[in-house]
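The values are calculated or read from the model by the stated rules, or taken from the named source; none is laboratory data. All of these numbers come straight from a predicted model, not from anything done at the bench. Here Cβ is always computed from backbone atoms with ideal geometry, including for glycine, and neighbour counts include all displayed protein chains. Remember, those area values only see protein heavy atoms, side chains included, never the ligands or the DNA or RNA. Shrake-Rupley method; radii C 1.70, N 1.55, O 1.52, S 1.80 Å.
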Amino acid sequence: MAATGTASVEYREFKMNPKMEYRRLGPSGLRVSSLSLGGWLTLGGTVKGDPVKDIVQAAFDNGINFIDVAESYAGGNSEREVGRVLKELNIRRSDIVLSTKVFFGVRKGPNATGLSRKQ
């Protein structure tokens, strides 16, 4: 136990794959794998639970550090599943670049969609 009362977490180490091309993401300085793991039609939708963990682990172990999700993919379940799996696999958040999209929303209501500070 750490001094704060929480257990220390041993994170998985990200290893760049020498066969994977990494590119700089604009002027941000981020280096992302040229291949990304996309969650549009699968993660949280047709694929749930342990298979999502297997997919994310295989991607991470092969040097993929870029995961694409959106609040509208599978009604928000794509983001939830990926978040759950990253936590369960002890993947350090700073080792992964997550892209997501907003605007359309997954709920009804006057402030549920758009690009204002509310979203």
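Each residue of the stretch 13-24 is assigned a 3J(HN,Hα), and the resulting list reads 8, 7, 10, 5, 8, x, 8, 8, 8, 10, 10, 6 Hz, derived from the Karplus form 6.51 cos²θ - 1.76 cosθ + 1.60 (θ = phi - 60°), x at Gly and Pro.
Relative to the longest principal axis of the Cα atoms of the chain, the long axis of helix 50-61 lies at roughly 50 degrees.
Packing around the peptides 71-78, 89-96, 34-41, taken as the average count of other Cβ atoms within 10 Å per residue, puts them in this order, highest first: 71-78, 34-41, 89-96.
Taking Cα atoms only, the orientation of helix 77-88 departs from the longest principal axis of the chain by about 30 degrees.
Could you name the aspartates and glutamates whose alpha carbon sits less than 14 Å from that of Lys108, not counting residues in the same chain fewer than 8 places away? Lys108 reaches Glu71.
The mean accessible area for residues of the chain, using a 1.4 Å probe and ignoring ligands and nucleic acids, is 69 Å² per residue.
Of all aspartates and glutamates in the structure, the ones whose alpha carbon falls short of 12 Å from that of Lys48, not counting any fewer than 8 places away in one chain, are Glu79, Glu81. Quote the Stokes-Einstein diffusion coefficient, in whole µm² s⁻¹, for the stretch 1-83, based on the Kirkwood radius over alpha carbon pairs, a temperature of 37 °C and a viscosity of 0.692 mPa s. Value of D from the Cα-based Kirkwood radius: 228 µm²/s.
Taking only DSSP H segments of four or more residues, each worth -39500 (n - 2.57), what value at 222 nm results for the chain once the sum is divided by all its residues, to the nearest 500 deg cm²/dmol? Present the calculation step by step, with values, prior to reporting the outcome.
Working: 2 runs with 24 residues, N = 119.
The helix-only estimate for the chain comes to -6500 deg cm²/dmol at 222 nm.
Within the same chain, aspartates and glutamates fewer than 8 places from Lys19 are excluded, and of the rest, those with a Cα less than 14 Å from its Cα are Asp61.
Normalised by the number of residues in the chain, the average gap of Cα pairs under 8 Å and 6 or more apart makes the relative contact order 24 percent.
Rounded to the nearest 20 debye, the dipole magnitude of the chain is 480 debye, with +1 charges on Lys and Arg beta carbons, -1 on Asp and Glu beta carbons, and the Cα centre as origin. Using the empirical formula 2.2 N^0.38 Å as the baseline, the Cα radius of gyration of the stretch 43-119 reaches a ratio of 1.19.
Counting only DSSP beta bridges with both residues in the chain, the antiparallel share comes to about 30 percent.
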